[in-house]
Amino acid sequence: MGSRMHASEEALAEGACARLASPANARVVVGGLGMGFTLAAALRTLPATAGVTVCELIPAIVAWNRGALAELAGRPLDDARATVHVGDVAELLHDSRAAFDAILLDVDNGPAGLTRASNDRLYSADGLRAAARALRPHGVLAVWSVAPDTGFSRRLATAGFRVEVVPARARAGKDSRHVLWFARRPGAP
């Protein structure tokens with residue numbers, strides 16, 4: 001995590017929210033609180049009638065975002081539309097059925113888990129099927145990554161998603177490019 005380069009995390013949230021079929025009463029889940037930039041961007045983009053649940057595995061990160069780090073992203077946890085779920089986003093998705101209009105995954109370094117091997121399950125075929133079940137018809141799964149991954153694009157397509165891959169800069173106009181996947185769940189037949 002770093003506070004200097006977060007444009008691609010903001011682009012993840014903005015891009016996912018822009019692709020919502022009906023943002024007015026949207027229910028969005030953000031996997032990974034980090035320093036709060038993805039959550040803050042989602043809240044800035046969504047209307048007052050939407051709600052965002054942010055899942056964070058590590059309680060200390062939630063505490064930091066309520067304390068020393070709160071001002072970095074503009075105190076997004078203070079927004080009445082934000083709910084914190086301390087726990088694993090993979091478990092939340094596995095237990096949810098047609099609950100969300102968008103799922104934003106800013107977990108680890110992308111589909112190739114680097115910091116925790118258990119993060120791989122989010123991006124596996126089973127994890128993508130769980131995400132599809134957790135989404136409402138026409139819902140959006142948005143995934144942030146530090147690098148391209150053509151195998152992940154194929155897994156998304158195999159799971160039934162319509163996939164769009166978008167490059168995004170870490171800082172506006174500068175530095176490395178990250179990769180964003182916007183994958184839409186087809187509507188009900």
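The values are calculated or read from the model by the stated rules, or taken from the named source; none is laboratory data. What you are looking at is a predicted structure, and each value in this text was computed from that prediction instead of being measured. Counting neighbours? That spans all protein chains shown, and the Cβs are built from the backbone with ideal geometry, glycine included. The accessibility values were calculated without ligands, DNA or RNA, using every heavy atom of the protein model including side chains. Shrake-Rupley method; radii C 1.70, N 1.55, O 1.52, S 1.80 Å.
Observations, loosely collected:
- One residue stands out in region 15-32 among those that are at pLDDT 95 or above and in a loop (DSSP other than H, G, I, E, B): the one that is most open to solvent (accessible area, probe 1.4 Å), namely R19.
- Residues in region 41-52 that are more than 12 Å from the chain's Cα centre (by Cα) and not hydroxyl-bearing (S, T, Y) were compared, and the one that is surrounded by the fewest Cβ atoms within 10 Å (Cβ to Cβ) is A48.
- Filter result for the condition that a residue is more than 21 Å from L20 (Cβ to Cβ), open to solvent by less than 60 Å² (accessible area, probe 1.4 Å) and either in contact with a helix residue (DSSP H, G or I) (Cβ under 6 Å, 6 or more places away or on another chain) or not hydrophobic (A, V, I, L, M, F, W, C) (or both), over E56, E71: E56
- Of the strands (runs of 3 or more DSSP E) lying entirely inside region 57-156, those carrying at least 1 residues that are touching a residue at least 40 places away in the same chain (Cβ under 8 Å) and in contact with an Asp or Glu (Cβ under 6 Å, 6 or more places away or on another chain) are 135-145.
- In region 37-54, the residues that are polar (S, T, N, Q) and in a helix (DSSP H, G or I): T38, T45
A quick yes/no check of all residues on (1) acidic (D, E); (2) surrounded by 23 or more Cβ atoms within 10 Å (Cβ to Cβ); (3) under 26 Å from A7 (Cα atoms):
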position: G110; (1), (2), (3): no, yes, yes
position: D120; (1), (2), (3): yes, no, yes
position: R133; (1), (2), (3): no, no, no
position: R136; (1), (2), (3): no, no, no
position: V140; (1), (2), (3): no, yes, yes
position: W144; (1), (2), (3): no, yes, yes
position: D149; (1), (2), (3): yes, no, yes
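- Residues of region 74-99 that are closer than 30 Å to R129 by Cβ, among the acidic types (D, E) and surrounded by fewer than 16 Cβ atoms within 10 Å (Cβ to Cβ): E91, D95.
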